[in-house]
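Reviewing the structure listed below.
Read the figures in this text as sums done on the coordinates, not as results from a lab. Keep in mind the model is a prediction, meaning the values are calculated, not measured. Positions of Cβ are backbone-derived with ideal geometry, glycine not excepted, and every protein chain shown enters the neighbour counts.
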C-alpha cells in the first residue's frame with residue numbers, strides 16, 4: 001500500500017510542477033531575442049534529453065544488479081527504465097528538428113549530440129526488440145541484461161568517436177553557443193521544467209513497473225488455473 | 001582459458017579451411033556491395049575516391065554480419081552449442097576462441113578483397129603497416145562485438161534479423177575509427193593517431209567486457 005501512496009504523491013506533485021513549469025515557459029521566461037517564440041521548445045527538449053540519459057544509466061545499473069543477484073525485480077526495473085528512456089529519446093528526436101528547422105534552417109545535422117542521441121535510440125531499440133524475441137523469461141532477462149550493460153559501456157566510446165570526427169569534418173551549420181549567457185529567468189524556467197520532466201519520468205516508470213507486476217501476477221494465476229485444470233482432468 | 005580458446009579457434013579454423021563458407025560468402029557479398037555503390041554513386045570521380053575507405057568498411061560491416069550470423073548458427077544446428085555450454089571449460093575461453101576465429105575470417109576476407117578494392121576505386125596504399133594494423137584492429141573490434149551479439153541473437157526467434165540491429169549501433173565507434181585509420185593508410189589524411197588509439201581502446205574494452213559476460217550468454 002505504501003507504494004500506491006508514493007505513486008499518488010508523485011502524480012500530484014507532477015501535476016502541480018508541470019502546470020507551474022508550463023506557466024513559466026509561456027508567461028515568465030522572456031522571448032529569446034534571435035530565435036523568437038520557437039526557442040520555447042528548449043524547455044521541453046533539454047529536460048527530456050537529460051531524463052532519457054538518466055533512464056539509460058538506470059538500465060545499466062539495474063542490468064548489472066540483475067546479473068549479480070538474479071532477482072527478477074531488477075529485470076522489470078531495467079525494462080521499465082529502457083521503455084521510458086526510449087520514449088523520451090524519441091520525443092527528443094522529434095522536438096529537436098522542430099526547433100532546428102526555423103533556427104538553423106535545416107531539420108538535422110550530424111552534430112555530436114544529435115548523432116549520439118540517434119545512436120543511443122538505436123541501441124536501446126535493439127534492447128527492446130531483443131526482449132520481444134526471446135521466449136523464456138529467464139533467458140530474456142539474462143540476455144537483455146548483457147545488452148543493457150555492454151550498450152552503456154559503449155556510450156562514452158560513441159561520444160568520443162563522434163566528437164572527434166566532428167572536429168575533423170566541417171560542420172554544415174554554425175550552431176550558436178547554446179546555453180551561453182542564459183537569462184536568469186530562462187534558467188529558472190529550465191530548472192523547474194527539469195524537475196517537472198523528471199517527475200514525469202518517474203511517474204511513467206512507476207506505472208510501467210506496476211503493469212509489469214500485474215502481468216506477472218496474471219501469468220502466475222493462469223499457470224495455477226492450468227495446473228488445477230490438468231489435475232481435474234486426471235482425477 | 002587460453003587452452004580452451006586455442007582448441008575452439010583451431011576447430012573453427014579447420015571447419016573454415018574445409019568448407020570456406022564464411023570467407024567466401026562474406027567476400028562475394030562485400031564485392032557485391034562495392035559494385036552496388038559504383039552504380040548508386042558513380043564512384044569514379046576524384047571526390048568519391050576520397051571516400052573509398054568509407055565504402056570499403058561499410059561493405060565489410062554488412063558482409064561481417066553475414067559471417068558472424070553463421071558463427072553460432074553453426075553451433076546450434078548440430079547441438080554443439082549445448083555441448084560447449086555443458087563442457088567443464090571456462091566460457092571466457094570459448095568466447096575468446098570464437099572471437100579470434102571470426103577476427104581471422106574478417107581479416108582474411110579483407111586481404112583477399114583488397115586488390116579488387118584498389119582496382120575499383122583506383123587508390124594507392126601509401127602506408128602498408130598502417131593498413132595492416134587498421135584491418136587487424138578493425139577486424140578484432142567487429143569480431144569482439146559481433147561474436148557476443150551473435151551468441152545473444154542465436155538464442156532468439158529472429159536471429160538473422162536481430163544481429164545487425166544489435167551489433168551495428170554498438171560498432172559505430174569502431175566503424176568510424178576503422179574508416180579513419182584506413183583513410184590514413186591510403187594517404188588521404190595526415191594523421192590518425194587518435195583513431196588508432198580509439199580502435200585499440202574499443203578492442204580492449206569489448207574483448208574484456210565480453211569475456212566477463214559471456215558465461216551468462218552461454219548458459220541455457
(Q) Is it the case, given these coordinates, that residue B:177 is within 10 Å of another protein chain (Cβ to nearest Cβ), more than 18 Å from residue B:105 (Cα to Cα) and assigned to a helix (DSSP H, G or I)? (A) yes
Q: Search the range A:110-135 for residues being in contact with a helix residue (DSSP H, G or I) (Cβ under 7 Å, 6 or more places away or on another chain) and outside any helix (DSSP H, G or I), and hand back the single one that is farthest from the other protein chains (Cβ to nearest Cβ).
A: A:111
Q. When the range B:161-209 is examined, which residues are found to be farther than 24 Å from residue B:132 by Cα and either surrounded by fewer than 24 Cβ atoms within 10 Å (Cβ to Cβ) or over 17 Å from the mean Cα position of the chain (by Cα) (or both)?
A. B:161, B:164, B:165, B:169, B:209
Q) Pick from B:113, B:136, B:85: which is assigned to a helix (DSSP H, G or I) and within 10 Å of the chain's Cα centre (by Cα)? A) B:136
(Q) Go through the range A:148-161 and report how many residues are under 21 Å from the mean Cα position of the chain (by Cα) and crowded, with 18+ Cβ neighbours inside 10 Å. (A) 9
Q | Condition broken by residue B:69, with the remaining ones in (1) exposed (fewer than 13 other Cβ atoms within 10 Å of the Cβ); (2) touching a residue at least 12 places away in the same chain (Cβ under 8 Å); (3) over 22 Å from residue B:185 (Cα atoms) satisfied | A | (1)
Q: Identify all residues within the range A:120-147 that are touching a residue at least 24 places away in the same chain (Cβ under 8 Å) and under 14 Å from the mean Cα position of the chain (by Cα); write none if there are none.
A: A:120, A:121, A:123, A:124, A:125, A:127, A:128
Q: Sort through B:119, B:125 and tell me the only one that's without any contact (Cβ under 8 Å) to a residue 40 or more places away in the chain, more than 8 Å from chain A (Cβ to nearest Cβ), under 25 Å from residue B:52 (Cβ atoms) and over 14 Å from the mean Cα position of the chain (by Cα).
A: B:119
